[in-house]
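Below is one structure, written out as structure tokens, with a few remarks after it.
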Amino acid sequence: MRWSASLVAALVAAALSAGACSGGGGAPAPPETPHGLVPLPAEVVYRGAGFTIGGDTVITAPPEAEGAAGHLAAAVREVTGRAPRIGEGGAVRLELTGGRDSGTEADPGRSPGAGQDAGPDALLRGPGAEAYELTVDAAGIRVRASRPVGLFRGVQTLGQLLPATGRAGAAEVTLPGVRITDRPRFAWRGAMLDVARHFFTVDEVKRYVDLVAAYKINVLHLHLSDDQGWRLAVAGRPELTRIGGATEVGGGPGGFYTEEDYREIVAHARERFVEVVPEIDMPGHVNAALAADPALSCDGRRREPYTGTDIGFSALCVGRPAVDRFLADVIGELARLTPGPYLHIGGDEVSRLTREQFDGFVERAQELVVAQGKRAAGWQEIGGARLAPGTVTQYWRTRGTPEDALNAVRQGGKLVMSPASRTYLDMKYDEGTRLGLRWAGFVEVEDAYDWDPAEMLPGVGDGQVLGVEAPLWTETAETVDDLEYLAFPRLPAVAEVAWTPRSARDFDGFAARLARHGPRWTALGVDFHRSAAVAWPG
Ligand code: TNX
């Protein structure tokens, strides 16, 4: 019999309150965090006795899952003060089953089985690649998956079964007895960070990755260029970063990533099974590039650096040989530095070009991406162009017509859903929010949660949706605190929309589970927004 998670939650709540009424005669103490899992797994059954982790606990894991085992040991150390040893014969076991993924898409060119670097697997193979099972009982803890990525996702779940913080002096923690069978609904579960409007350092980006990976986000979409800044070094074009990288919104010093910096971010993300999708936004949003290289504009004039927040005023002089060389250099560099399967070419909000010019540019950029063995991603507007097989279109415009996105689907393309009125983490929560914009309306945590990606557009169901992404534009966000205040708690809401089956989701249940994360964020120093719809403890 298969239980829906919400049914199980209701039964557990009933059982717990029955236990409370029975006078406690031998009834096990209610587990500390029975409903704190975000995103909610596909199936959760709390049952039987749990398991106590202490200083002598040993974690056993195959070599491919050493990273996951290390993350688990660190999470345990956070609450008990001591990391479990990783070795043979442990009561906590991470196991690769070596079987086939359940329900994956065919992916010629890769053989199934355990032990592969699972970063691209999840994006190219479909959500089954990330499936796992987690059991906690009196004998121990077992996580099973066919791939290392599944073990890592299972360890993230396990981390949420631990209390937020250790009790002073307690060297042990008891996890509830539970059996979880889980896999994501969508393959692409993204967080976009705009490092162009305000620059964020490698360490700041890594911290964001750590925070979002806990919610099983698997794509870090880095918005690496815009009018206000060019943030990635491109071999042979030093002026792009020297001039284009030297400022940001408000006139601060800006910054950029060297090849080494970028590789460090990619490696850090991959260790957490998060794939970096780099975006160079073209053919609009390019003032920083035009400030660096006047040959990219039709009038041949160098632009002044731009530190304001207007949009739509810049464009490459498409069709010029200098622009084509630039395009080839930039896409070549992105492909060289990026192990993941997708390169994002931007394509949003271009008002200076004719439709023909725009479409021609998008088609040329796609051709270059495909020639590098990659797939292209682009904002919704690219859907009007002829799309290559595998090109992903990112829906965002909740004002105006979705015609471009529908056109992408008519061509057989898939969508990543980032409706601004639901997923834009840069919108204000409400009238009083000290940061953020308001053009797409206020976005409270209920708005970020209470929608369905497969019910937004006519003719766009589960089969047309590759995934969901929450963009964090940074016109108004200058510091890590600003980022975190905007992302939490909305990012976890979007992460659950992307992961959890529709039938298992309801806002009240989510809010009750989410409340448990307040103390976690406080312990991590995350400055989160205390949304009024959530009963935050303390
Ligand atoms: C629209 S969404 C933009 C960005 C802005 C954002 C602010 C999209 C593809 N373009 O350039 O930063 O709104 O909310």
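Restricting to the range 414-432, and then to whatever is assigned to a loop (DSSP other than H, G, I, E, B) and open to solvent by 10 Å² or more (accessible area, probe 1.4 Å), can you tell me which residue is nearest to D310 (Cα to Cα)? Steps first, please.
Step one: of the range 414-432, the residues assigned to a loop (DSSP other than H, G, I, E, B) are 418-419, 424-426, 428-432.
Filter once more, keeping what is open to solvent by 10 Å² or more (accessible area, probe 1.4 Å): 428, 430-432.
On the way: K428: 18, D430: 23, E431: 22, G432: 23 Å.
Here the residue is K428.
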Seminar exercise, completed: Condition set within 14 Å of I345 (Cβ to Cβ) and out of contact with any Asp or Glu (no Cβ under 8 Å at 6 or more places or on another chain), scope the range 386-412, selection farthest from the ligand (Cβ to nearest atom): answer is G390
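Does Y342 count as under 23 Å from the mean Cα position of the chain (by Cα), among the hydroxyl-bearing types (S, T, Y) and closer than 30 Å to W439 by Cβ? Steps first, answer last, please.
Values: under 23 Å from the mean Cα position of the chain (by Cα): yes; among the hydroxyl-bearing types (S, T, Y): yes; closer than 30 Å to W439 by Cβ: yes.
Here the answer is yes, as Y342 does meet what is asked.
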For this session: Could you give me the residue pairs with C-beta distances under 8 Å whose first residue belongs to the range 64-85 and is of a type in the set (K, R), whose second residue is open to solvent by 30 Å² or more (accessible area, probe 1.4 Å) wherever it lies, and which are 6+ apart or on separate chains?
Result: R77/A83; R82/A171
Problem set entry | Hey, V460 of a type in the set (V, I, T), more than 12 Å from the ligand (Cβ to nearest atom) and either in a loop (DSSP other than H, G, I, E, B) or open to solvent by 10 Å² or more (accessible area, probe 1.4 Å) (or both) or not | yes
For this session: With a cut-off of at least 1 residues that are within 16 Å of the ligand (Cβ to nearest atom), name the strands (runs of 3 or more DSSP E) lying wholly within the range 133-195.
Result: 188-194
Seminar exercise, completed: Of the residues in the range 273-304, those that are open to solvent by 10 Å² or more (accessible area, probe 1.4 Å) and small (G, A, S) come to A295, G300
Exercise. In the range 128-145, how many residues are modelled with pLDDT under 95 and buried (at least 24 other Cβ atoms within 10 Å of the Cβ)?
Worked result: 1
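Checking the condition small (G, A, S), closer than 30 Å to E78 by Cβ, away from the ligand (no atom under 14 Å from the Cβ) and open to solvent by 10 Å² or more (accessible area, probe 1.4 Å), which residue from A523, A504, A495, A454 passes? Don't jump to the end; show me each part of the working.
Working: A504 fails: open to solvent by 10 Å² or more (accessible area, probe 1.4 Å); A495 fails: open to solvent by 10 Å² or more (accessible area, probe 1.4 Å); A454 fails: closer than 30 Å to E78 by Cβ.
Answer to the selection: A523.
Looking at A470, A477 in this structure, which one is of a type outside the set (F, W, Y), touching a residue at least 40 places away in the same chain (Cβ under 8 Å), under 20 Å from E431 (Cα atoms) and within 16 Å of the ligand (Cβ to nearest atom)? Spell out how you get there, then give the answer.
Details: A470 fails: under 20 Å from E431 (Cα atoms).
Selected residue: A477, the only one of A470, A477 that is of a type outside the set (F, W, Y), touching a residue at least 40 places away in the same chain (Cβ under 8 Å), under 20 Å from E431 (Cα atoms) and within 16 Å of the ligand (Cβ to nearest atom).
For G518, state whether it is surrounded by fewer than 24 Cβ atoms within 10 Å (Cβ to Cβ), in contact with a helix residue (DSSP H, G or I) (Cβ under 7 Å, 6 or more places away or on another chain) and part of a helix (DSSP H, G or I). Lay out the reasoning, then the answer.
Details: surrounded by fewer than 24 Cβ atoms within 10 Å (Cβ to Cβ): yes; in contact with a helix residue (DSSP H, G or I) (Cβ under 7 Å, 6 or more places away or on another chain): no; part of a helix (DSSP H, G or I): yes.
So G518 does not fit the description; no.
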Exercise. Does any residue in the range 294-310 that is within 19 Å of L240 (Cβ to Cβ) and without any contact (Cβ under 8 Å) to a residue 24 or more places away in the chain come within less than 8 Å, Cβ to Cβ, of a residue that is within 16 Å of the ligand (Cβ to nearest atom) and among the polar types (S, T, N, Q) six or more places away or on a different chain, and which pairs are these?
Worked result: R303/N287; R303/S314
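The values are calculated or read from the model by the stated rules, or taken from the named source; none is laboratory data. These numbers were taken from a predicted model, which means no experiment stands behind them. Don't worry about glycine lacking a Cβ; one is built from the backbone with ideal geometry, like all the others, and counts go over all protein chains shown. Remember, those area values only see protein heavy atoms, side chains included, never the ligands or the DNA or RNA. Shrake-Rupley method; radii C 1.70, N 1.55, O 1.52, S 1.80 Å.
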